[in-house]
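Following: one structure in C-alpha cells, then a few remarks.
The values are calculated or read from the model by the stated rules, or taken from the named source; none is laboratory data. The structure displayed is predicted, hence computed values, not measured ones. No Cβ is skipped: glycine too gets one built from the backbone with ideal geometry, and neighbour counts run over all protein chains shown. For the accessible areas, the whole protein counts, side chains as well, though only heavy atoms, and no ligand, DNA or RNA atoms are used. Shrake-Rupley method; radii C 1.70, N 1.55, O 1.52, S 1.80 Å.
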Amino acid sequence: MLDINNFDSLIKFVSEKTSKSHEALLEMISIKKQKYEGLLTENAALFMIGKELGLDLSLESNTKTDNIKIKDLKSGQANLNLQLKIKEIMQPKTYEKNGKKGNLCNLILSDETGEIRLTLWNQDILKLEAKNIEKNSLVKIKNAFVSSYQDIKQLNLGYGSEIILLEKGNGNSLITDYSNLQDGMQSVDLIGK
C-alpha cells in the first residue's frame, strides 16, 4: 500500500502512474513550492501535483480517518476528518515572504482529549469568515493533515480540505474551573477575584 507520507514512495508512485520522470517531478515540486511561497512541504506539493495530473492519491493510499481524537494525532498523518470545537480564533496577521504578502490566522481547536492549533492561509480565512464561524462553534474539519512546528503538532488544511459548521458558537469565552486546567492548554482565559 502506498504511504503518502513517505516522499520516496510517493514520488515513485506518481512517476510510474503519470510517466513523468523523477527529475521532472522534482522540478514541478520546486515550482509548486515557490508558488506557495515555500509554505508547502515536498510531500504536500507532490500530493497536489498528483491530484492535478489526475491521480486520486487519497483513495490510492490511506482511507480517511473519521473523527480521530486530538490525543491520537501524529505528525505526518493525512486524510483526517475531525469534529472539534473552536476554542479561540486569533486576530489575522499579514506576513511577507520572498516579496509577496499574504494573511494567516491561527485557531485553537479542542475536543475532550486536548487542543491543537490550526493555521489558515489567505483564501481559507475568507471561507471561515463567509461561513460566520466563530469562537465556540462546533466544526467538522475534512481532509486535514498533521505536521509539527517547533516540535508542536499542528493541524493543516490541504488540497480539498474543508471546514463545515455543525453548530454555531456564541463567540464568548468558555469558563473552566482552574482545577480542570491541563498541561498544553493554549489561550486560556482567567477570571480572578
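Any idea which residue in the range 34-50 is modelled with the lowest pLDDT, counting only those that are over 13 Å from Phe13 (Cβ atoms) and open to solvent by less than 70 Å² (accessible area, probe 1.4 Å)? Among residues in the range 34-50 that are over 13 Å from Phe13 (Cβ atoms) and open to solvent by less than 70 Å² (accessible area, probe 1.4 Å), the one modelled with the lowest pLDDT is Gly38.
Applying the condition of being of a type outside the set (A, V, I, L, M, F, W, C) and assigned to a helix (DSSP H, G or I) to the range 14-28 and asking which residue is nearest to Leu40 (Cα to Cα) yields Glu27. In the range 73-94, the residues that are of a type in the set (S, T, N, Q) form Cβ pairs under 8 Å with partners that are crowded, with 22+ Cβ neighbours inside 10 Å and in a strand (DSSP E or B), at six or more places apart or across chains, as follows: Gln77/Phe145; Asn79/Phe145; Asn81/Ala144; Gln83/Val139. Among the residues of the range 41-56, the one identified as without any contact (Cβ under 8 Å) to a residue 12 or more places away in the chain and within 17 Å of Asn6 (Cα to Cα) is Asp56. Only one entry of Lys140, Lys135 meets the criterion of being modelled with pLDDT of 90 or more, on the phi < 0 side of the Ramachandran plot and part of a loop (DSSP other than H, G, I, E, B), and that entry is Lys135.
Hey, among the residues in the range 77-132 that are in a strand (DSSP E or B), among the hydrophobic types (A, V, I, L, M, F, W, C) and open to solvent by 20 Å² or more (accessible area, probe 1.4 Å), which one's nearest to Lys168 (Cα to Cα)? The selected residue is Ile89.
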